[in-house]
Amino acid sequence: MRRILSLILLMVIFVLAAAACAGEGDPADSVESYIKAKAEADGDELASLACNDFEAQAAQDALSFRSVKAEVEDLSCKKSGGDGDDALVTCTGQIVAEYDGETRSQDLSETTYRVVKEDGKWKVCGAE
């Protein structure tokens, strides 16, 4: 019985430690999640992935994709610069959107994202 309780306690500690480290991950993961949420017009997810100064733009991004059917194709992002709590992230791939029978694509390699660490999590804080 004591061995089982020790094992359960060890598992709980491991899960909590993994959850605490999740926000410290790769800033590129946050950008990938942001782009996917943008294509899905998921305003709540975009707000959670945006830094405080970028929340209004995140809301606009969600609105701009509400009336289109969009898909993300061949998405891959990587950190391309920055240090400490600031990073630059570049991506490849595209967002393909269909609106009123017309298909348009946005080449993601033309944008560099600025990402900052807020409250221990990487947040998108601008796009150039």
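Points to keep in mind about this one:
- Within segment 31-77, the trypsin sites (Lys or Arg not before Pro) that combine a DSSP coil assignment with at most 14 other C-beta atoms in a 10 angstrom radius are Arg66.
- Taking the accessible area of segment 27-128, probe 1.4 Å, and keeping the other protein chains in place, the carbon and sulfur fraction comes to 39%.
- For Lys121, the lysines whose Cα comes closer than 26 Å to its Cα, not counting residues fewer than 8 places off in the same chain, are Lys36, Lys38, Lys78, Lys79.
- Considering only the Cα atoms of segment 21-115, their convex hull presents on average a projected area of 6.1 nm².
The values are calculated or read from the model by the stated rules, or taken from the named source; none is laboratory data. In this text, all values refer to a predicted model and were calculated from it rather than measured experimentally. No Cβ is skipped: glycine too gets one built from the backbone with ideal geometry, and neighbour counts run over all protein chains shown. Surface areas here come from the heavy atoms of the whole protein model, side chains and all, with no ligands, DNA or RNA. Shrake-Rupley method; radii C 1.70, N 1.55, O 1.52, S 1.80 Å.
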